[in-house]
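The values are calculated or read from the model by the stated rules, or taken from the named source; none is laboratory data. Remember, predicted model here, so these are calculated numbers, not experimental data. So basically every Cβ, Gly included, is an ideal-geometry build from the backbone, and we count neighbours across all protein chains shown.
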Amino acid sequence: MPTLGEIIRESQIWKSIFRHPAPVDRRNRIVVMLTNFFLHLHPVSIKKQGIALSFTWCMGGVTFFLFLVETVTGVLLMFYYRPTLEWAYNDILALRDVTSLGILREIHRWGAHAMVITVWLHMYRVFLTGSYKPPREFNWVVGVILLLLTLLMSFTGYLLPWDQLAIWAITVGSNMARATPFLGYEGPGNQLLTIDGIDMITNASDARFGLLGARFVGEETLNRFYVLHCVAIPLGVALLLAIHFWRVRKDGGISGPL
Amino acid sequence: MHGLPPYDLFLKQVSGFLGTYYLLLAVMNAVAAFLLWRGERQRELCRVPIVDFPVTPALVWLLVSGFFLLISPLAYSGDEQWMALISLPGSVRSGINWMMNPTAYTLGSLALVAAAFLARRFLVKPWVAWSMLNLSMLLMGMSMTDQNFANIVTKPDNVPIVGLIFLLGFFTWLATYQAVQNDDRAKQGLEPLEKLDSEKVLVWPDLVYTELICMVALTAVLLLWAIALQAPLEEPASAVKTPNPSKAPWYFLGLQEMLVYYDPWMAGVVLPSVIVAGLMAIPYIDFNKQGNGYYTIDQRKFAYIMFQFGFLVLWITLIVMGTFLRGPNWNFFGPFEYWDAHKVEALNNVDLSEYFWVTALQSSRPRAPEGSGELMKFGWALLREIPGIVLVIGYFAMVPPLLVVSSKFFQGLFIRMGFIRYMVLTNLLLMMMLLPIKMLARWTVNLKYFVALPEYLLNF
């Protein structure tokens, strides 16, 4: 009598998904890495040192996992939250107090803070082990851009609850853009961009206006940050993550003493 | 007083947390003691006289555990008199408040990081690190009975930074621990520890299972965190009610702190851009081939010190200061000080041009004659600010060659890096040093701007 497990593993459906036996022997443990879409990110074998937690701190992996957590919880929150002045705050309030699974918002918020910290720790580890040195120089650069995008993702998300903390943090943060050299309304050199005595850089056309979509943090800003937070920046991050991981493999796998 | 809840009520609120906190510390030390006791070799520290009983590290940590177990019920009691025993004495707290100011804080953190670097061989010893952890946890617990301290630290948005401090402490220790071992091995002509584990293992199961366990553990941590602590949500947004202080998100507070010393175009736009560009430049200006793929300090001391200065001293400590020690009107407050919105601090900062023309030359600052054209006005403004302009241009243009001439080390760098890469490196470092230089100038001579051209929105 074959067991239920054997029946399932011998079925056409199972075999169409997993094209080889379970990874219980050496051969199949190699095959699984090559044939599984999600696992093929990894090499088949790796130096023992490269998976030692004392060496890697696992911080890059943790950051990626947090990105996935943020994506899943974020998509679910998007079903509920409406980015308008009328509803934004109330929706968050309802998520906190009455909505089932409103805890998704707490996970999303704390996960975002944690992600900023783990990105820093990942960068810290990569620096301290000198892993940015040749041949991994360019991947470090990609990593720096990812760090920047992580901060921007967190920054744009900060506004969405539309509470006092949100709008004033964004006001303080975006006020800096007003002082951008040449392109800021209060920045040095903006007087140079004048045509026939008409200032090109005004408080309705400068860098800050471009960021906020208005002269102050208002509904246009909420909409702009919402789109940046939910679509534009995550797409950029996803692309760069793919490059980042691909380059880890192409640059010789995880770093180690030569 | 001060609009804070009554002290006994506050103690009742924190007692549950603090009791559990000490209980956890007791468990933590008990586990450490158990692991040491289970370990193979039992090191004997000394013997108790008379009964002739051996004192081992395990016993010491068991005693520490017992100590935390004893003070835990004191914290649970929520009673003012009992809890006074496990609080920092008021005199110590006011002493710390009195000592603390931006100068003492920044120089203090610099001294602390420098001392930790110099004494790293001592500090990486596990028993030293474990004692430091216990002490800092105890200090934190004893501070939590202070209402002002507790208010700032437990503000939901500030909790991650408390975590950040401990995580950074732990990981810096972990990295230094391995670096010191590798450096000792290098002195004996041995290869780094990482090299010993260069045999290959299969990713399935060794790595895949580790990843799975990490994911499960992290999910559990996130869930617990989300259940235990509500995410921050304040009153609905109001464009007319400005909170005081208004703070940027915590990870940008280092930049906001720079606003004290530089105008927004520098602190908010130019310096952040330079930070990003400088980070990207690191692999291209660090030509040192050693220390690739393993922990080491001695083999890349210069890069290590520069990075730690920028990251730990300039980035992290400024964030910590901006979060915990900057209150209403961005005034500085000690960790146990009440955030009084009416605290007044005198600001008598003076521009360099005033020091030059008025103080030193005993004349007045040059001014364009009435009715002169735009170009004339510009020329006069440049003349007025000439000392600062010369200083700034000289700083960026002259310091790099001067370093080559005066220092063997920089001479070596110049020869090995070539002109362009050397200039990029030194100018990035000079950019980084702009902040501490302005800080020092502000603290010592109240300098406001090196170059003050408010008519062109260009203050530096």
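Output the residues belonging to region A:6-25 that are of a type in the set (A, V, I, L, M) and assigned to a helix (DSSP H, G or I).
Initially, region A:6-25 is screened for residues of a type in the set (A, V, I, L, M), giving A:7-8, A:13, A:17, A:22, A:24.
Those that are of a type in the set (A, V, I, L, M) and assigned to a helix (DSSP H, G or I): A:ILE7, A:ILE8, A:ILE13, A:ILE17.
Criterion first (in contact with a helix residue (DSSP H, G or I) (Cβ under 7 Å, 6 or more places away or on another chain), at the interface with chain B (Cβ under 9 Å from one of its Cβ atoms), free of Cβ contacts under 8 Å to residues at least 60 places away in the same chain and under 30 Å from B:PHE311 (Cα atoms)) does A:ILE103 satisfy it?
No, not satisfied.
Can you tell me which residues in region A:24-37 are at the interface with another protein chain (Cβ under 10 Å from one of its Cβ atoms) and out of contact with any Leu (no Cβ under 9 Å at 6 or more places or on another chain)? First the steps, then the outcome.
So the first thing to find is which residues in region A:24-37 are at the interface with another protein chain (Cβ under 10 Å from one of its Cβ atoms), and the list is A:24, A:26, A:28-33, A:36.
Within region A:24-37, A:VAL24, A:ASN28, A:VAL31, A:ASN36 qualify.
Could you pull out every one of the helices (runs of 4 or more DSSP H) wholly within region B:240-335 that has 1 or more residues that are surrounded by fewer than 17 Cβ atoms within 10 Å (Cβ to Cβ) and touching a strand residue (DSSP E or B) at 6+ places or on another chain (Cβ under 8 Å)?
Result: empty, no element qualifies.
Return the only residue of B:LEU233, B:LEU224, B:LEU167, B:LEU212 being at the interface with chain A (Cβ under 7 Å from one of its Cβ atoms), in a helix (DSSP H, G or I) and either without any contact (Cβ under 8 Å) to a residue 40 or more places away in the chain or buried (at least 19 other Cβ atoms within 10 Å of the Cβ) (or both). Even if it seems obvious, please write down each step before you answer.
Values: B:LEU233 fails: in a helix (DSSP H, G or I); B:LEU224 fails: at the interface with chain A (Cβ under 7 Å from one of its Cβ atoms); B:LEU212 fails: at the interface with chain A (Cβ under 7 Å from one of its Cβ atoms).
Of B:LEU233, B:LEU224, B:LEU167, B:LEU212, the one residue that is at the interface with chain A (Cβ under 7 Å from one of its Cβ atoms), in a helix (DSSP H, G or I) and either without any contact (Cβ under 8 Å) to a residue 40 or more places away in the chain or buried (at least 19 other Cβ atoms within 10 Å of the Cβ) (or both) is B:LEU167.
Pairs, please: C-beta under 6 Å, at least 6 apart or cross-chain, first residue closer than 15 Å to B:PHE332 by Cα and in the same structural domain as B:GLN147 (by TED's automatic domain parsing) and in region B:89-100, second surrounded by 13 or more Cβ atoms within 10 Å (Cβ to Cβ) and acidic (Asp, Glu)?
Listed by first residue and then by second, the contacts come to B:ASN97/B:GLU337.
Is one or more of the residues making up region B:11-25 among the aliphatic types (A, V, I, L, M) and in contact with a Lys or Arg (Cβ under 9 Å, 6 or more places away or on another chain)?
Taking region B:11-25 and keeping what is among the aliphatic types (A, V, I, L, M), we get B:11, B:14, B:18, B:23-25.
From what's left, in contact with a Lys or Arg (Cβ under 9 Å, 6 or more places away or on another chain): none.
Checking region B:11-25: not a single residue is among the aliphatic types (A, V, I, L, M) and in contact with a Lys or Arg (Cβ under 9 Å, 6 or more places away or on another chain).
Would you mind telling me which numbered condition in (1) within 11 Å of chain B (Cβ to nearest Cβ); (2) of a type in the set (Val, Ile, Thr); (3) free of Cβ contacts under 8 Å to residues at least 12 places away in the same chain A:ILE46 fails?
(3)
Report yes if some residue within region B:176-188 is among the charged types (D, E, K, R), at the interface with chain A (Cβ under 7 Å from one of its Cβ atoms), exposed (fewer than 15 other Cβ atoms within 10 Å of the Cβ) and without any contact (Cβ under 8 Å) to a residue 24 or more places away in the chain; otherwise report no.
Checked against the condition, which is being among the charged types (D, E, K, R), at the interface with chain A (Cβ under 7 Å from one of its Cβ atoms), exposed (fewer than 15 other Cβ atoms within 10 Å of the Cβ) and without any contact (Cβ under 8 Å) to a residue 24 or more places away in the chain, region B:176-188 yields no hits at all.
Give me the pairs, please: first residue somewhere in region B:47-65 and in contact (Cβ under 8 Å) with a residue 12 or more places away in the chain and assigned by TED's automatic domain parsing to the domain that holds B:LEU36, second residue anywhere and in a helix (DSSP H, G or I) and aromatic (Phe, Trp, Tyr), beta-carbon distance under 8 Å, and either six or more positions apart or on two chains.
B:THR56/B:TRP37; B:PRO57/B:TRP127; B:ALA58/B:PHE34; B:ALA58/B:TRP37; B:TRP61/B:TRP130
Being more than 23 Å from the chain's Cα centre (by Cα) and of a type in the set (Asp, Glu) is the filter here; which residues of region A:92-134 pass it?
Within region A:92-134, A:ASP97 is the sole residue that qualifies.
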